[in-house]
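Take a look at the structure set out below.
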Amino acid sequence: MADLTETYPLIQREVSSAGATLVAVSKTKPMEQIMELYALGHRDFGENRVAELVEKQAALPKDINWHFIGHLQRNKVKAIASFVHLIHAVDSPRLLREINKQGVNNQRKIPVLLQYHIAEESSKYGLDPDHPEAFFADLTPQELPGVIITGVMGMATYTDHDEQIAGEFKQLAETFRFLKNNQFPDATSFSEISMGMSGDYPIALQHGSSLVRVGSLLFGQR
Ligand SMILES: *Cc1c(COP(=O)(O)O)cnc(C)c1O
């Protein structure tokens with residue numbers, strides 16, 4: 001197991017000096033490990049399963065910012081809608097509309113990111129970065145009072161070829177700029193690029209990441 005008290009301050013300093021926020025990915029890890037980081041002052045944690053997130057949220061301090069980083073099924077939005085801090089991986093208008101509905105029911109605007117598929121690996125999830133505007137074909141964000149789209153998210157190919165990873169992160173940053181200019185020109189809230197994990201977060205920081213999602217490097221292998 002990684003020694004949190006040694007690794008955390010180093011990673012935290014590296015991320016914050018780049019102007020980004022560290023999301024500690026605590027999926028599958030026990031609450032005691034979350035509380036170890038909490039005691040060091042950390043508040044942003046990421047989970048990818050609804051049942052696990054709901055259980056941890058109920059038991060742990062209420063000032064934790066819970067990030068939902070995995071694929072989210074529409075019928076599970078309701079369970080996290082009252083408290084989730086940011087949903088990272090919206091990849092369909094239908095999911096966005098459901099989050100909007102649950103946001104309205106909870107009298108809040110739920111912050112979300114649009115997930116783009118930047119990796120070479122095939123995946124069922126993620127929007128096509130070659131057509132970033134396609135998502136908005138029959139959807140106007142202003143019509144959805146229960147959500148606020150605050151940026152984009154992506155995952156690079158799992159490879160040790162740094163140039164390829166850098167190219168994919170650059171593509172996500174370009175997608176962010178395109179959307180900012182074309183869909184959100186007046187929105188100061190459209191400001192986040194969620195990219196970078198344990199194996200590639202330094203490259204992500206070089207290319208403008210504002211949120212890095214680091215799990216195993218902090219908490220040890222899952
Ligand atoms: C698990 C996960 C992470 C963290 O991965 P590590 O390699 O352990 O840092 C980041 N993002 C997403 C979407 C994940 O599912």
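The values are calculated or read from the model by the stated rules, or taken from the named source; none is laboratory data. None of these values were measured; they are calculated from a predicted model. All Cβ positions, even for glycine, are placed from backbone atoms using ideal geometry, and neighbour counts span all protein chains on display.
Brief remarks on what is shown
- Among residues of region 187-206 being part of a strand (DSSP E or B) and of a type outside the set (A, V, I, L, M, F, W, C), the one that is nearest to the ligand (Cβ to nearest atom) is SER194.
- Boolean, ASP138 is within 16 Å of the ligand (Cβ to nearest atom) and among the acidic types (Asp, Glu): no
- Odd one out for ILE149, checked against (1) away from the ligand (no atom under 15 Å from the Cβ); (2) surrounded by fewer than 20 Cβ atoms within 10 Å (Cβ to Cβ): (2)
- Filter result (within 15 Å of the ligand (Cβ to nearest atom) and either among the β-branched types (Val, Ile, Thr) or more than 22 Å from LEU139 (Cα to Cα) (or both)) within region 57-83: TRP66, HIS67, PHE68, ILE69, GLY70
- Of all residues in region 207-214, one or more are surrounded by fewer than 22 Cβ atoms within 10 Å (Cβ to Cβ), in a loop (DSSP other than H, G, I, E, B) and of a type in the set (Ser, Thr, Tyr).
- Taking every residue in region 68-88 that is free of Cβ contacts under 8 Å to residues at least 12 places away in the same chain and part of a helix (DSSP H, G or I) and pairing it with any residue that is surrounded by fewer than 21 Cβ atoms within 10 Å (Cβ to Cβ) and among the polar types (S, T, N, Q), at least 6 positions away or on another chain, yields no pair with a Cβ-Cβ distance below 7 Å.
- Index of the failed condition, GLN102 passing every other in (1) touching a strand residue (DSSP E or B) at 6+ places or on another chain (Cβ under 8 Å); (2) under 20 Å from GLU192 (Cβ atoms): (2)
The rows are residues; the columns are (1) of a type in the set (A, V, I, L, M, F, W, C); (2) surrounded by fewer than 15 Cβ atoms within 10 Å (Cβ to Cβ).
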site	(1), (2)
SER16	no, yes
ALA20	yes, no
THR28	no, yes
ALA58	yes, yes
ASN65	no, no
LYS78	no, no
ASN105	no, yes
ARG108	no, no
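- Listed by first and then second residue, the pairs with beta-carbon distance under 8 Å, at least 6 apart or on different chains, first residue in region 184-198 and under 12 Å from GLN115 (Cα atoms) and buried (at least 19 other Cβ atoms within 10 Å of the Cβ), second aromatic (Phe, Trp, Tyr) and modelled with pLDDT of 95 or more, are ILE193/PHE176; MET195/PHE169.
- Between GLU98, GLU47, the distinction of being surrounded by 21 or more Cβ atoms within 10 Å (Cβ to Cβ), free of Cβ contacts under 8 Å to residues at least 60 places away in the same chain and within 16 Å of the ligand (Cβ to nearest atom) belongs to GLU47 only.
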